[in-house]
Amino acid sequence: MGKKLGVFKLEQQAIEAVEMLEREGFASSELQVLARDSDHTHRIEAETNIPTEEVQEIAEDRGDGRVIGVPLAAGAMGVGNPGGSMAAGANYGAAPAAGVGFFGGLFRRSFRREDGDGMRDTLRTLGLGSKEADLASEALREGSLIIVVDLEDDAEKTDSGISRLDKAEAVFRSAGAVDIH
């Protein structure tokens, strides 16, 4: 089993890469497009039939987008604290962002950690290894699109005798990938 990731700054480059991969014989089931959010996927989904994953939105839906502690007015009202305690010094922001009521939703984005744990965890869930997930989360935060070629048999050769993963890398280069892993 092997993977090859291509990082693209422009939607058009990613679309061209998908089209080129399909012309080279890659099946849609072997391809996946990763984007930060739905703002970056509409055109790709419209022009290709490749599954597109909105990583940040998946992380938020799963509750992986954690918030830092928020011991302010929300805590004094018992929001985010199962016991509703108003005791001083309680850690009111320890709960995940999802499901902590009005103030949890209000502060969810503005107090999110910038270390990307939610995105990395989601990328790992989507099948990327630890190093791949680290690289991909950084690229996604910068607004890039990632195409993943995921092959069952990474030793399989093309008609020209090169491996299919090497062929995918050549396609990524030809389509203008800014980074390849």
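The values are calculated or read from the model by the stated rules, or taken from the named source; none is laboratory data. Just so we're clear, the structure is a prediction, and the values are computed from it rather than from any experiment. Counting neighbours? That spans all protein chains shown, and the Cβs are built from the backbone with ideal geometry, glycine included. For accessibility, only protein heavy atoms count, side chains too; no ligands or nucleic acids. Shrake-Rupley method; radii C 1.70, N 1.55, O 1.52, S 1.80 Å.
Got at least one residue in region 95-111 being modelled with pLDDT under 80, of a type in the set (Phe, Trp, Tyr) and in contact with a strand residue (DSSP E or B) (Cβ under 8 Å, 6 or more places away or on another chain)? Yes: region 95-111 contains one or more residues that are modelled with pLDDT under 80, of a type in the set (Phe, Trp, Tyr) and in contact with a strand residue (DSSP E or B) (Cβ under 8 Å, 6 or more places away or on another chain). Residues in region 21-41 that are on the phi < 0 side of the Ramachandran plot and assigned to a loop (DSSP other than H, G, I, E, B): 6 in all. Here is the figure for region 1-11: residues that are modelled with pLDDT under 95 and over 13 Å from Ala35 (Cβ atoms) total 3. When each of Arg66, Arg23, Arg62, Arg43 is tested for being modelled with pLDDT of 50 or more and either under 18 Å from Arg124 (Cα atoms) or open to solvent by less than 70 Å² (accessible area, probe 1.4 Å) (or both), the lone residue that passes is Arg62. Scanning region 125-158 for residues that are open to solvent by 70 Å² or more (accessible area, probe 1.4 Å) and over 21 Å from Ser38 (Cα atoms) gives Lys131, Glu152, Asp153, Glu156, Lys157.
Gly161 fulfils the conditions (1) at pLDDT below 50; (2) part of a loop (DSSP other than H, G, I, E, B); (3) open to solvent by less than 70 Å² (accessible area, probe 1.4 Å) except for a single criterion, (1). Evaluated against (1) more than 11 Å from the chain's Cα centre (by Cα); (2) modelled with pLDDT of 95 or more, Ile146 falls short on exactly one condition, (1).
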